[in-house]
1. Please pick out the residue among Val201, Val224, Val175, Val217 that is surrounded by fewer than 17 Cβ atoms within 10 Å (Cβ to Cβ) and closer than 17 Å to Phe153 by Cβ.
2. Give the residue that is modelled with the lowest pLDDT, with candidates limited to residues of segment 195-242 that are over 18 Å from Gly334 (Cβ atoms) and over 19 Å from the mean Cα position of the chain (by Cα).
3. If I ask for residues that are hydrophobic (A, V, I, L, M, F, W, C) and either closer than 12 Å to Ala77 by Cβ or surrounded by fewer than 24 Cβ atoms within 10 Å (Cβ to Cβ) (or both), which ones from segment 290-303 would you list?
4. Which of the residues belonging to segment 93-102 are surrounded by fewer than 24 Cβ atoms within 10 Å (Cβ to Cβ) and touching a helix residue (DSSP H, G or I) at 6+ places or on another chain (Cβ under 8 Å)?
5. Of the residues that sit in segment 323-356 and are of a type in the set (S, T, N, Q) and surrounded by fewer than 15 Cβ atoms within 10 Å (Cβ to Cβ), which one is modelled with the lowest pLDDT?
6. Please go through segment 178-191 and give me each residue that is part of a helix (DSSP H, G or I) and either surrounded by fewer than 22 Cβ atoms within 10 Å (Cβ to Cβ) or aromatic (Phe, Trp, Tyr) (or both), ordered by number.
7. How about segment 78-175: which helices (runs of 4 or more DSSP H) wholly inside it have at least 3 residues that are free of Cβ contacts under 8 Å to residues at least 24 places away in the same chain and closer than 21 Å to Val236 by Cβ?
8. Is segment 209-232 home to any residue that is touching a strand residue (DSSP E or B) at 6+ places or on another chain (Cβ under 9 Å) and not in a helix (DSSP H, G or I)?
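The values are calculated or read from the model by the stated rules, or taken from the named source; none is laboratory data. None of the values given here were measured: they were computed from a predicted structure. For neighbour counting, all protein chains shown are included, and Cβ atoms are generated from backbone atoms with ideal geometry for every residue, glycine included.
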Amino acid sequence: MGLCRARSPARPDRRQPGYGHRLLRGSAGDRVGRGQSRRRGSADRLLRGSRDSRGIATAPLADRSDRAAAAPPRRGALLVAFAAVCWSSGGLIARLVATTPWTTSLWRSLFASLTLALVLSVVRRRGIVAQWREGGRPMLAVAVCMALASTCFIFSLAHTSVANTLILISTGPYVAGVLGWMLLGERIAARTWLAMGAALVGAVVMVSDSYARGAIVGDLLALVMAASFATATVLVRRHGEIQMAPAAALATALTALVALPLAEPLATSPRDLALLAFFGVGNFSAGFLLFMNGARLIPVAQSALIGMLETVLGPLWVWLVLNEQPGAASLAGGALILGALLANTLVDLATPRRAS
């Protein structure tokens, strides 16, 4: 997204062979050897990652050049596209269930947390609690930000259109860019500043229209979600040792704990429970793992571009199934935001990178 980061000499060089492998396996005392790790199956590969479309780092698990040479970029693009399709179903599921937002948040987070914890425990052969302890306070801070974002997502969908929610949260990378510039000294390209300005105008148009219709709460919650993800992004950039898979599992567990006393789980019908199970397993967990596996094989800008499918497909599903149509102002503001994202990402793809 046009962001440049100065490398700190005090930090380890992540391009060293085996650096990412050590991050995956945990402490140096891990008894699983290198030869055994090479024989691990596809479940292990699902936990390798880079940075997602919102700029959040996923756990780096092997040297990037080696990974790119081992698997074709086409496979990475397909996996990221499948992840976007999984994520795009969230708005439709939230519309189809009859549960309260707190109940929806509880079941979605519970199923997602159990799925991620099981996968991580099996693949890493260590309990999920031990992995959380290794992350320490930085991982906890990231998990809290992600938990807040997840909760805001559900409540935003309950108070505004799916289109408004998805479009407004797509401004997250720009918020992360500004925070990185302010707190980490990261440089932002001039074209990215222009794109930020266009996205800001689009967001103002959308929020103003929602305010006129008395539906501003949902839009504001979507912006809080974007800011929460942006804060998590900056924390991950500041603490590069944070592993996103355990952080996501911790975030969903925290979300479920917060929602539990406010939810009505026993009032959930079998039909809604099945939909909410897919919300947690298929929408969140599968999308997360697919993205982590695919984003490592392609440039960050390309994964961001493909990830925009979520923003396009999400409103499409609710329009086809439930005939939910965004207003003219939402379409105009959304066009500005998505147009700015698209143009900036395409330029980023076309711009050759200088060696760092």
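1. Numbers: Val201 fails: closer than 17 Å to Phe153 by Cβ; Val224 fails: surrounded by fewer than 17 Cβ atoms within 10 Å (Cβ to Cβ); Val175 fails: surrounded by fewer than 17 Cβ atoms within 10 Å (Cβ to Cβ).
None of the others qualify; the one that does is Val217.
2. Just the residues of segment 195-242 that are over 18 Å from Gly334 (Cβ atoms), to begin with: 214, 217, 224, 227-242.
Restricting the remaining residues to those that are over 19 Å from the mean Cα position of the chain (by Cα) gives 214, 217.
Numbers: Gly214: 74, Val217: 90.
The selected residue is Gly214.
3. Pass one, segment 290-303, residues hydrophobic (A, V, I, L, M, F, W, C): 290-292, 295, 297-298, 300-301.
Matches in segment 290-303: Leu290, Phe291, Ala295, Leu297, Ile298, Val300, Ala301.
4. As a first pass, look at segment 93-102 and keep what is surrounded by fewer than 24 Cβ atoms within 10 Å (Cβ to Cβ): 93, 95-102.
Within segment 93-102, Ile93, Arg95, Leu96, Val97, Ala98, Thr99, Pro101, Trp102 qualify.
5. Within segment 323-356, the subset of a type in the set (S, T, N, Q) is 323, 325, 330, 344-345, 351, 356.
With the extra rule that they be surrounded by fewer than 15 Cβ atoms within 10 Å (Cβ to Cβ), the set shrinks to 323, 325, 351, 356.
Details: Asn323: 88, Gln325: 80, Thr351: 71, Ser356: 42.
Checking each candidate, the answer is Ser356.
6. Initially, segment 178-191 is screened for residues part of a helix (DSSP H, G or I), giving 178-184, 190-191.
Val178, Leu179, Trp181, Met182, Leu183, Leu184, Ala190, Arg191 - these are the residues of segment 178-191 that are part of a helix (DSSP H, G or I) and either surrounded by fewer than 22 Cβ atoms within 10 Å (Cβ to Cβ) or aromatic (Phe, Trp, Tyr) (or both).
7. On the way: elements: 90-96, 101-124, 128-159, 162-169.
The helices (runs of 4 or more DSSP H) meeting that bar are 128-159.
8. So the first thing to find is which residues in segment 209-232 are touching a strand residue (DSSP E or B) at 6+ places or on another chain (Cβ under 9 Å), and the list is none.
Looking through segment 209-232, none of the residues is touching a strand residue (DSSP E or B) at 6+ places or on another chain (Cβ under 9 Å) and not in a helix (DSSP H, G or I).
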